[in-house]
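Here, each number is a calculation from the coordinates, and none is a lab measurement. Note that the coordinates shown come from a computational prediction; the quantities given were computed from them, not determined experimentally. Backbone-built Cβ (ideal geometry, glycine too); neighbour counts: all protein chains shown.
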Amino acid sequence: MKAIRIILAGVRNADKTYHLFKKGDKIVVGISGGKDSLVLFYALTLYQKFAHTDFKIYPVMLNLGFPNFNPTKLKTWFKKLGYPLIINDASNVYPILKANQKQKKHLPCSICSRMKKAIINAVAKELKCNKVAFAHHMDDAVETLFMNIFYAGKIATFEPKMHLSNANINFIRPLIYSKEIDIARCAKEEKLPVLKSNCPADKQTNRYEIKKWLMAISKDSPLVMKNVYTSLKNTKQIKLWP
């Protein structure tokens with residue numbers, strides 16, 4: 001089976017479970033240029049056609065000021081799909097991150113994440129959109145779970161759908177039931193113009209170390225990731241100390 005069909009089935013299940021899309025929705029889709037965001041956008045262009053839900057999508061990419069930012073290839077691809085790629089100038093982010101780096105080995109990811117969300121929320125408001133779609137997938141959710149356990153002392157991951165009352169906007173994650181291996185295969189099969197990450201902290205973060213750790217465990221125990229996926233939805237069997 002082609003990977004895009006697996007991805008679309010995951011989007012449909014996520015929509016059915018969490019009611020991600022409604023008639024009249026105007027949705028900003030965050031585009032990084034990586035495989036996840038391109039697969040998400042491509043899948044949504046197809047999902048529109050058979051979901052029987054009238055919603056509009058707007059691809060938005062942030063220029064964070066990182067070196068070697070070049071979206072030319074992406075602009076061409078989005079134009080072929082019939083969507084102009086909206087590029088927001090957020091080049092002030094990189095200098096701020098460098099100023100807050102101090103003695104750390106890489107740029108502060110938490111500050112970057114908060115700034116990106118605030119900026120894309122502002123763009124969504126300008127476009128009069130009521131939702132922002134991110135390309136976080138099932139593997140991201142698992143990594144976030146262990147990030148919170150190891151580094152924040154809490155058992156939590158991000159939600160498939162979340163309302164931000166202060167910004168009056170909804171975050172949705174349509175790939176929440178999709179696995180990274182299927183997303184990677186989809187990007188390859190559909191020949192999507194994936195860009196190499198230009199983030200100076202790429203592959204230097206705690207998240208990347210957790211990703212490698214999970215891959216190593218899964219190599220010897222194939223059921224590990226499946227069981228962790230299941231645990232994210234198994235709210236009836238949470239047993240913690242009072």
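Ranking request for peptides 187-200, 53-66: highest mean number of other beta-carbon atoms within 10 Å first, then the rest in descending order.
On the way: 187-200: 15.1, 53-66: 18.4.
Top to bottom by mean Cβ count within 10 Å: 53-66, 187-200.
Would you please put 12-19, 234-241, 215-222, 119-126 in order of how densely packed they are, using the mean number of other Cβ atoms within 10 angstrom per residue and starting with the highest?
Details: 12-19: 15.0, 234-241: 6.1, 215-222: 10.5, 119-126: 17.6.
Final packing ranking: 119-126, 12-19, 215-222, 234-241.
When the chain is fully extended, how far beyond the present Cα-Cα distance does Q101 get from A152, taking 0.36 nm per residue of separation?
Working: separation 51, 0.36 × 51 = 18.36 nm, distance 1.96 nm.
The span from Q101 to A152 would gain 16.4 nm if fully extended.
Students often forget the sequence filter, so: which lysines lie under 20 Å Cα-Cα from K212 once same-chain residues fewer than 8 apart are removed?
The reachable lysines, counting only those whose Cα sits under 20 Å from K212, are K35, K105, K179, K196, K203, K226.
How about K23: which aspartates and glutamates have a C-alpha closer than 12 Å to its C-alpha, ignoring those fewer than 8 places off in the same chain?
Correct list for K23: D54.
By per-residue mean of other Cβ atoms within 10 Å, what is the highest-first order of 94-107, 22-35? Can you show the working numbers first?
Details: 94-107: 13.0, 22-35: 18.4.
Most protected by this proxy first, the peptides run 22-35, 94-107.
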